[in-house]
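The structure appears below as structure tokens.
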Amino acid sequence: MDVARQVFVLLSVLVVSWVFERCEASGKFGFEVHHIFSDAVKQSLGLDDLVPEQGSLEYFKVLAHRDRLIRGRGLASNNEDTPVTFDGGNLTVSIKLLGSLYYANVSVGTPPSSFLVALDTGSDLFWLPCNCGTTCIRDLEDIGVPQSVPLNLYTPNASTTSSSIRCSDKRCFGSKKCSSPKSICPYQISYSNSTGTTGTLLQDVLHLATEDENLTPVKTNVTLGCGQKQTGLFQRNNSVNGVLGLGIKGYSVPSLLAKANITADSFSMCFGRVIGNVGRISFGDKGYTDQEETPFISVAPSTAYGLNVTGVSVGGDPVGTRLFAKFDTGSSFTHLMEPAYGVLTKSFDDLVEDKRRPVDPELPFEFCYDLSPNATSIEFPFVEMTFVGGSKIILNNPFFTARTQEGNVMYCLGVLKSVGLKINVIGQNFVAGYRIVFDRERMILGWKPSLCFEDESLESTTPPPEIEAPAPSVTAPPPRSLPPAVSSTPPPIDPRNSTGNRGTGGAANLIPLASQLLLLLPLLAFL
């Protein structure tokens, strides 16, 4: 089995494992998710002395800095042509062990080699570790994983379809650093003051497949960074096997697919209802005919997706704030500048009945609460954001839970004060439970509630259940990654003042044994 596919299967199993937990009055069954650093996994892998206690405050204090399994069919009716996805499948997994970013298994070159790459809407270049000597991470054991998990490195000479991009080529965006027109085009990309990648540009084949019952193979030439030197978090726990940029510059993969007339200039990403769930990605997907929409603006120099928020309400009452924010899939939490931060958090705090905890100077979250000892659910006021055009989004998962040193349950509003960033960032926790469509042809961001693989419009061969996952790790972009996080499984969630059939948010639905067995079948496809 291909090395990267082994890695993807291994990490997916470590991130998500299902066992029976309880049977509710509705007759539905439930499951429990074990994170790589859960007590059960720590014991089996010998991690007891390496990480803080599961769900403890100490764990969250270190977080403030941070497949072929499923193939979807019958996509939304906005699509005139069949979308495509990676030939390894459209499944994405948020791996806390690797900085809590969403990862996918991709194949590059001839013959194809597989890589476990991070998906990033905040950058553009698709790069892989390549000819990088001692700076390459060749095994996850090198970054602290307590067992050997080899990783593929990209080798241009081993691919018959690989060719260098010269400085005279229009695709050479780093031509100012060229010594002559015939030189190989260099690149240097900084994700933060300490994290970046440096190398040369080349062209090779990315292997895709149609998202329909035919699963027709699709090959496309892409601009690829041969990452010869990685620094900072790329040397520790973030994107150690490459990054696939999803920004709007001409050399990003979505842009190249559109230029080659393979797909529409649009793609979608789905985020599980609870951060840490599995998700999906589709290129050429233009979403639903009845989705909510708002225009987005390209934010220079990052070319991220910027949104104008025209209003925010908490518990059904407007709080009188407007803001501009960039939407970044690489940020687990949401970061707001003043005055928006103060207005939102105070309005939320005024409606929470549980006792607020004293502010911990070592914990970046200022609004944390003790859950009443006899409580069986967490009640919270729903937060709704309105965008240009009047479209609204209701937050499914605005907080995370943890255990105190005394063993009690606490929960915190997952919003951080944006101080050094000087920009508002809407993170994954504000879009959990939604399918987000990046329609770059119309410069529109669309969304609709989604379980990613259980929508009536999204058939799949083996749909995974909605997973009750541990809390996400904290990230303060840039960079958009942190050490892994663990949280206790929260009690059922009961949002107050909610309307319609919004559901209970954090309560896990359990699945029959037959369905659990079906979930194991796709794993065998890798063997």
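Worth pointing out:
- Relative packing of peptides 100-109, 336-345 - highest average C-beta neighbours within 10 Å first: 100-109, 336-345
- Separation of the range 281-350 and the range 108-183, taken as the distance between their Cα centroids, equals 33 angstrom.
- A simple spin-label model places pseudo-atoms 7 Å from Cα toward Cβ; at S179 and K346 they are separated by 6.1 nm.
- R0 of 30 Å, Cβ-Cβ distance R322-R442: FRET efficiency to nearest 0.05: 0.80
- Accessible area, probe 1.4 Å, largest first, for residues E441, E353: E353, E441
- The order of the peptides 325-331, 426-432, 388-394 by mean Cβ neighbours within 10 Å, most packed first, is 325-331, 426-432, 388-394.
- Charge sum, other residues only, whose C-beta stays under 15 Å from M443's C-beta, Lys/Arg counted +1 and Asp/Glu -1: +1
- Once all protein chains are placed together, H335 keeps about 10 Å² accessible to a 1.4 angstrom probe.
- Under 5 Å, built H, 5+ apart or other chain: amide partners of D328: I426
- Once the chain from R138 to R171 is taken as fully extended at 0.36 nm per residue, the excess over their C-alpha distance is 9.0 nm.
- Local electrostatic count, S298, Cβ distance below 14 Å [Lys/Arg +1, Asp/Glu -1]: -1
- Cα gyration tensor of the range 98-160 - equivalent ellipsoid semi-axes, whole Å, descending: 19, 17, 11
- Under the simplified labelling scheme, the D370-N261 pair shows an inter-label distance of 6.8 nm, with each label point 7 Å from Cα along Cα→Cβ.
- Estimated FRET transfer efficiency when R0 is 51 angstrom, pair T404-E213 (beta carbons, to 0.05): 0.50
- Largest-first ordering by accessible area, 1.4 Å probe, given options T404, T289: T289, T404
- Rounded to the nearest 20 debye, the dipole magnitude of the range 181-338 is 740 debye, with +1 charges on Lys and Arg beta carbons, -1 on Asp and Glu beta carbons, and the Cα centre as origin.
- In this view, the solvent-accessible surface of S164, computed with a 1.4 Å probe and all protein chains in place, comes to about 60 Å².
- L201 - accessible surface, heavy atoms, 1.4 Å probe, Å² rounded to 10: 0
The values are calculated or read from the model by the stated rules, or taken from the named source; none is laboratory data. This is a predicted model, so every value here is computed, not measured. With ideal geometry, Cβ positions are generated from the backbone for all residues, glycine too; neighbour counts draw on all protein chains shown. Surface accessibility is based on the protein's heavy atoms, side chains included, excluding ligands, DNA and RNA. Shrake-Rupley method; radii C 1.70, N 1.55, O 1.52, S 1.80 Å.
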